[in-house]
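Below is one structure, written out as structure tokens, with a few remarks after it.
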Amino acid sequence: MQDETFPMHATKLTDATAPNQRSADQANEISASAATDNKRGTTSKKSAKGTDVAGKRISTAKKSVSYADAGVDITSAERSKQRIKMLARKTFNRQVLSEIGGFGGLFALDLAKYPNPVLVSSADGVGTKLKVAFELGIHHTVGQDLVNHCVNDIAVQGATPLFFLDYLATGKLDNAIIETVVQGISEACRANGCALIGGETAQMPGFYADGEYDLAGTIIGAVNRDKIITGDTIQVGDVLVGLPSNGLHTNGYSLARKLLFEVAKYAPDHYVNELKDKAGAALMRTHRSYLAIIKKLTGAEVVSGMAHITGGGITENLPRILPKGMGAVVDLASWQVPPLFEHLQALGNVDQDEMLRTFNMGIGLIAVIPAEKIKKAKAILNRANERHVIIGRVVRGERKVSYN
């Protein structure tokens with residue numbers, strides 16, 4: 001434990017100088033200073049109790065001040081850590097070699113499964129979706145949002161999640177809230193076959209508003225080198241298949257909150273006819289994990305690239321996987337944009353281009369399928385009861401998305 005942080009296993013190094021070396025260095029500096037003073041014929045003032053070296057009065061506490069007095073409750077944090085350990089253990093598998101609470105999490109890679117392994121990592125947060133969670137008092141699903149977002153980011157490169165680490169920072173510990181968040185993380189890790197092997201809870205008095213916290217996570221996955229999906233095999237004529245999102249997922253919340261709560265002046269619990277839901281509930285829909293369907297598609301070797309549509313929308317994310325000299329044409333009439341996005345656009349008279357580079361617009365994942373494999377890919381999607389729509393094609397040209 002260091003400063004206001006209560007790690008499940010994390011370590012922070014703050015000073016590379018050894019204590020004994022510092023003491024020796026300081027002693028040498030004092031001796032050198034004294035020698036210089038003697039040469040100059042000066043004498044140093046000796047501080048008396050309650051005064052500094054200049055003789056000024058020092059204000060001191062009348063009683064001993066503890067860490068708890070500064071707003072950091074170590075005892076409470078330790079109790080919470082024990083319960084968090086139990087939640088994390090539910091995600092463990094045979095590859096996890098360490099308990100929660102050590103200086104680092106240990107994980108043994110299965111080399112029989114990954115004879116030529118490449119590790120794939122990603123880190124992300126939940127953003128200002130947390131503000132909605134605070135308003136509604138819903139803390140369970142944000143942990144799921146965090147894990148699913150990270151899982152999708154590495155899955156589109158062909159990786160299988162191995163383990164996850166989380167970071168939660170708050171001003172004052174509310175054990176019930178923190179444990180609820182971690183419970184959501186634990187459940188999402190289990191659902192994605194990912195072990196929660198560590199993390200950190202940082203207690204930072206005065207840094208966050210009461211009842212608020214920030215949340216981030218890091219995921220590590222693995223893929224055999226010959227199975228990596230980068231998009232470099234994408235060709236002109238490949239088909240773009242869109243899979244539906246479950247709402248905003250974890251992006252665009254600053255604009256969405258402004259439109260719903262400031263422009264329209266809805267309360268979070270206000271029922272909005274256009275959404276057929278309460279404003280807050282519509283924003284809190286959980287970020288989907290696409291891992292299961294991605295594994296089916298990659299296992300059948302029918303994809304040449306995949307894009308997780310997050311911050312930046314289709315406009316910014318699809319070009320990330322396109323080879324040089326290729327662009328994409330997306331037909332906006334090919335799918336029905338969900339009412340949430342239509343209502344947001346109407347409330348703020350938001351330009352279409354702004355919508356497309358801020359929100360996912362109802363498409364959470366795009367799979368790029370070679371034209372000769374589209375029939376097989378669609379059969380896989382249908383067997384999995386996965387809704388999908390062909391939204392466009394890869395074309396020759398500048399690496400960007402054009403809409404029609």
Legend entry - Which numbered condition Leu146 fails, given (1) surrounded by 23 or more Cβ atoms within 10 Å (Cβ to Cβ); (2) part of a strand (DSSP E or B): (2)
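Look at Ile380 and say whether it is surrounded by fewer than 20 Cβ atoms within 10 Å (Cβ to Cβ) and either assigned to a loop (DSSP other than H, G, I, E, B) or on the phi < 0 side of the Ramachandran plot (or both). Step through it out loud before you land on a result.
Details: surrounded by fewer than 20 Cβ atoms within 10 Å (Cβ to Cβ): yes; either assigned to a loop (DSSP other than H, G, I, E, B) or on the phi < 0 side of the Ramachandran plot (or both): yes.
Criteria met by Ile380.
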Legend entry - Residue, nearest to Ile138 (Cα to Cα), within region 208-243, restricted to residues that are surrounded by fewer than 20 Cβ atoms within 10 Å (Cβ to Cβ) and under 15 Å from the mean Cα position of the chain (by Cα): Asp214
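Got a number for residues in region 327-341 being in a helix (DSSP H, G or I) and under 18 Å from Thr310 (Cα atoms)? Walk me through it before giving the result.
To start, the set of residues in region 327-341 that are in a helix (DSSP H, G or I) comprises 332-334, 339-341.
If we keep only those that are under 18 Å from Thr310 (Cα atoms) too, we end up with 332, 340-341.
Residues that pass the stated criteria total 3.
Going residue by residue through region 392-401, is there one that turns out to be farther than 19 Å from Leu248 by Cβ and without any contact (Cβ under 8 Å) to a residue 12 or more places away in the chain? Steps first, please.
Kept after step one, since they are farther than 19 Å from Leu248 by Cβ, are these residues of region 392-401: 392-401.
Filter once more, keeping what is without any contact (Cβ under 8 Å) to a residue 12 or more places away in the chain: none.
Looking for residues that are farther than 19 Å from Leu248 by Cβ and without any contact (Cβ under 8 Å) to a residue 12 or more places away in the chain, one finds none in region 392-401, hence no.
Over 28 Å from the mean Cα position of the chain (by Cα) and in contact (Cβ under 8 Å) with a residue 24 or more places away in the chain: does that describe Ala377? I'd like the intermediate steps shown before the answer.
Values: over 28 Å from the mean Cα position of the chain (by Cα): yes; in contact (Cβ under 8 Å) with a residue 24 or more places away in the chain: yes.
Yes; evaluated as a whole, the condition is true for this residue.
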Inset, instruction - For region 357-374, indicate whether the set of residues that are of a type in the set (Lys, Arg), in contact (Cβ under 8 Å) with a residue 40 or more places away in the chain, in the same structural domain as Asn273 (by TED's automatic domain parsing) and assigned to a helix (DSSP H, G or I) is non-empty. - result: yes
Legend entry - Positions within region 158-189 being surrounded by fewer than 23 Cβ atoms within 10 Å (Cβ to Cβ), closer than 21 Å to Ile220 by Cβ and among the β-branched types (Val, Ile, Thr), in sequence order: Thr160
Inset, instruction - Those residues that are closer than 19 Å to Val263 by Cβ, touching a Gly at 6+ places or on another chain (Cβ under 8 Å) and not polar (S, T, N, Q), I need them from region 346-363; list them, please. - result: Met355, Phe359
Inset, instruction - Kindly indicate the residue of region 62-82 that is surrounded by 15 or more Cβ atoms within 10 Å (Cβ to Cβ) and at pLDDT 75 or above and also nearest to Glu179 (Cα to Cα) among those meeting that condition. - result: Ser80
Inset, instruction - Could you please tell me which pairs satisfy a Cβ distance under 6 Å, a separation of 6+ or placement on different chains, a first residue in region 82-100 that is in the same structural domain as Phe164 (by TED's automatic domain parsing) and touching a residue at least 40 places away in the same chain (Cβ under 8 Å), and a second residue that is assigned to a loop (DSSP other than H, G, I, E, B) and surrounded by 13 or more Cβ atoms within 10 Å (Cβ to Cβ)? - result: Lys85/Ile100; Ala88/Ile100; Ser98/Gly105; Ser98/Leu106; Ile100/Met8
Legend entry - Filter result for the condition that a residue is more than 24 Å from Ala202 (Cβ to Cβ) and not acidic (Asp, Glu), over Asn116, Asn175, Asn148: Asn116
Inset, instruction - Could you please find all residues in region 161-207 being more than 17 Å from the chain's Cα centre (by Cα) and part of a strand (DSSP E or B)? - result: Gln203
Legend entry - helices (runs of 4 or more DSSP H) completely within region 253-310 that count 2 or more residues being touching a residue at least 24 places away in the same chain (Cβ under 8 Å) and surrounded by fewer than 19 Cβ atoms within 10 Å (Cβ to Cβ): 253-257, 291-299
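The values are calculated or read from the model by the stated rules, or taken from the named source; none is laboratory data. Computed from a predicted structure; not experimentally measured. We place every Cβ from the backbone using ideal geometry, glycine too, and count neighbours over all the protein chains shown.
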